[in-house]
Amino acid sequence: MALNQFTTQSAWINGYSETIKNIDFRGSRLPFEVRLFGMEYNSVYNFDTSGSSGNGLAPLMDGYYLINVSLSTKGGLNDIMSFWAEWEGLQSKVRLVWEQKGGNTWSTNYNTIIPVFSGSYSNARNFKFYVSSTATSPQVLNFINFNVSIIKIY
Amino acid sequence: MASIGNFENIGVKFANWGYVDETDYVVDILATDTWFNIVLPLITQVENNLSYNSGVINFTGNGIYMIQYVNTFGGGVDDSFSIRFFNLTLNEEVSGSVLSFTTKGTAYWEVQNMMLVNLSTAYTGSFGKSTHQIIMQVKNNIDTSNLKIKSSSLVVIKIL
């Protein structure tokens, strides 16, 4: 049997939510955290999902994590949106930028690799997600679906 | 939490590069239905034993690699574009890498593809080579309108 290159301890999580709250930019171009309300998990290994709000995405191992997020969003009429992930303030440099053309329902995807080095932290810390907007629309941004998979690759 | 230690030199290969400039990157389409290289100036989010330079992904060993990109495209209103990977070492298209899409209206369209690529020894001369160079290419199937790239994320991971 072939062995893959990943000889370190594994970790993964797959979750989704259909109840993430709308984001009302109200003309602000500041980034907003996408609060992960109502997360359901299909598969969890070496992640802490308890969190302060019961919806955490906290890796239990140091390493490098591949993050994939698939979104369905509506509203934010014709705004240019930007979406990214971070772990403990370490933002991924990689952004997904898309247009909410017509305020229609758009399906988009985001991927990145983020290093986790817990250092002096004694407790598991969550991955977080942020979205910002050119915010010229009077419409809120509605998250219809939020699907996330995170796999420890090393 | 357990430390992962020093691992850079044990052959583990993965990388994530991205395009985040506020200015759209423009791919000049000089002819219809003709492939052109996408020479995106990507920044490095994570890079270990792989490299990216002027659009070219440099693989330093044989194996099975996962390649995944998420791009958002604009330009060429209502045009049909195709995008693919091209193996410069073998001078051939990476099989199964072609995707086509329409840049409908003036919107930006997000396109994603994920594939597994089996890179084996390339015999292009007297000696075999275990290094490969792969580049992303695009063509406009309708006319010569340029393609704009708003954002890009490229992930490469050696699986085996």
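The values are calculated or read from the model by the stated rules, or taken from the named source; none is laboratory data. Just so it is clear, the model here is predicted, and its values are computed rather than measured. Backbone-built Cβ (ideal geometry, glycine too); neighbour counts: all protein chains shown. These area figures cover heavy atoms from the full protein model, side chains too; ligands, DNA and RNA do not enter into them. Shrake-Rupley method; radii C 1.70, N 1.55, O 1.52, S 1.80 Å.
For region B:29-75, with all protein chains present and a 1.4 Å probe, just round the carbon and sulfur fraction of the accessible area to a whole percent. Don't skip to the answer; put the middle values down first.
On the way: 840 of 1660 Å².
With neighbouring chains kept in place, the figure for region B:29-75 is 51 percent.
Note on region A:35-114 and region B:44-63: Cα centroid distance 25 Å, given to the nearest whole angstrom.
Couplings 3J(HN,Hα) of region B:11-28, computed from phi: x, 6, 10, 7, 7, 9, 10, x, 10, 10, 4, 5, 8, 4, 8, 10, 9, 6 Hz, in residue order, whole Hz [Karplus 6.51 cos²θ - 1.76 cosθ + 1.60, θ = phi - 60°; x for Gly and Pro]. Overall size of chain A from C-alpha positions, given as principal axis extents largest first: 52, 36, 27 Å.
How many Cβ atoms of partner chains, on average, are near each residue of A:104-113 if near means within 10 Å of its Cβ?
Working: counts 1, 0, 4, 2, 7, 9, 5, 10, 7, 12.
Mean partner shielding for this stretch: 6.
Hey, which of these cross-link pairs are over 19 Å Cα-Cα: A:K21/A:K152; A:K93/A:K128; A:K128/B:K148; A:K21/A:K101; A:K74/B:K139? Long pairs (Cα-Cα over 19 Å): A:K21/A:K152; A:K128/B:K148; A:K21/A:K101; A:K74/B:K139.
Quick check: net charge around A:I13, other residues with Cβ under 13 Å of its Cβ, Lys/Arg +1 and Asp/Glu -1?
On the way: positive: A:K152; negative: A:E40, A:D48.
Its environment carries a net charge of -1.
Simple rule: put +1 on each Lys or Arg Cβ and -1 on each Asp or Glu Cβ in the protein assembly as shown, find the dipole, and look at B:V98, A:F146, A:Y64; the Cα lying farthest toward the positive end is A:Y64.
Do any chymotrypsin sites (Phe, Trp or Tyr not before Pro) in region B:75-144 lie in a loop, going by DSSP, with at most 16 other beta-carbon atoms within 10 Å of their beta carbon, and if so which? Working shown, then result.
Details: sites: B:F81, B:F85, B:F86, B:F101, B:Y108, B:W109, B:Y123, B:F127; in loops: B:Y108, B:F127.
The qualifying sites are B:F127.
Label-to-label distance, A:S50 versus A:S70, with points set 7 angstrom from Cα along the beta-carbon direction: 3.2 nm. When all alpha carbon pairs of the protein assembly as shown are counted in 10 Å bins from zero, the resulting P(r) reads 6, 25, 32, 25, 10, 2, 0 %. With distances taken between every two different alpha-carbon atoms, region B:14-160 has a Kirkwood hydrodynamic radius of 15.7 Å. As a fraction of the 1.4 Å probe accessible area of region A:63-151, surface on carbon and sulfur atoms comes out at 47 percent.
Within the shell defined by Cβ-Cβ distances under 13 Å, the residues around B:N71 carry a net charge of +2, with Lys and Arg each +1 and Asp and Glu each -1.
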